[in-house]
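Below you'll find the structure, written out as structure tokens, and then a few comments.
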Amino acid sequence: EVRVVVQEKTLVGYVQYNGTNVCFDSDGIVLEMSETAPEGTVLVSGVSMEEPVLYQKLSVSNTALLRTILSVTKLLGESGLHVDSVEFDENSNITAVLGSVRVELGQDEYLEEKVSNLTAIYPKVASLTGTLNMTAFTGRFEPVTFRTLDESTVPVDSSNEAVADPATAAADTGGEGQDTGNAGD
């Protein structure tokens, strides 16, 4: 008697390499290389790598960065949020893009807390356009701010209360962070 157990691997993200979408699973194994990106996967950019090989681990420049990529794509995938892309800068700071909202997550510290709180915060800012700064967030009720395109800053309560209206928030905070050059708008 032979018993075979098949467990299908799920794609969690992809990187672009020479015009090809290199799709990988939660272990960083390249499962597919195609011209189209599979639905439900997250584009990871700002990562340098060697030529990918099908059914091999992504050949990212350092293993710590690969662990961070896998961790952040897993956490965001489990969050239920629709993430368009995850960007890494030259200092390995992480930014997640969700529609018109950029979420600055910073370094690979307190990622679980940041993503967990992002699921509560994001609905409050989803209709806005700008940047949510969570770089200093550790889960201890640090301030989280949302900076709109006109550079006005909206404080965001990381609890379950609604985000303040940008105009009201400016009055409540004494106009801190407001661009005073646009007072006639």
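The values are calculated or read from the model by the stated rules, or taken from the named source; none is laboratory data. All figures in this text were calculated on a predicted structure; none of them were measured in a lab. Note that we place each Cβ from the backbone using ideal geometry, even for glycine, and neighbour counts take in every protein chain shown. Heavy atoms of the whole protein, side chains included, go into the accessibility calculation; ligands, DNA and RNA do not. Shrake-Rupley method; radii C 1.70, N 1.55, O 1.52, S 1.80 Å.
Can you give the FRET efficiency for GLU142 and MET49, using 1/(1 + (r/R0)^6), R0 = 45 Å, r = Cβ-Cβ distance, to the nearest 0.05? Numbers along the way, then the final one.
Working: r = 33 Å, r/R0 = 0.74.
Working from the Cβ atoms, E equals 0.85.
Only Lys, Arg, Asp and Glu carry charge here, each on its Cβ (+1 for the first two, -1 for the last two); on that basis region 41-150 has a dipole of about 300 debye about its Cα centre.
Here is the list for region 1-100: trypsin sites (Lys or Arg not before Pro) lying in DSSP coil, each with at most 16 other C-beta atoms within 10 angstrom of its C-beta, are ARG3, LYS9. Under the criterion of Cα pairs below 8 Å and six or more residues apart, the relative contact order for region 13-126 equals 19 percent. Put the Cα centre of region 1-21 next to the Cα centre of region 83-146 and the gap is 28 Å.
Put a dot 7 Å past the Cα of GLU109, heading toward its Cβ, do the same for VAL4, and the two dots end up 5.0 nm apart.
The lysines within cross-link reach of LYS114, meaning a Cα-to-Cα straight distance under 25 Å and a gap of 8 or more places when in the same chain, are LYS74, LYS124.
I'd like the antiparallel share, as a percent to the nearest 5, of DSSP beta bridges with both residues in region 69-142. Write down the numbers at each step before the final one.
Numbers: 9 of 13 bridges.
So the antiparallel bridges amount to about 70 percent of the total.
Annotation: per residue accessible area for region 81-151 equals 49 Å², rounded to a whole number [probe 1.4 Å, protein chains only]. Gain on full extension, evaluated as 0.36 nm per residue between LEU149 and THR119 minus their Cα-Cα distance, stands at 8.6 nm.
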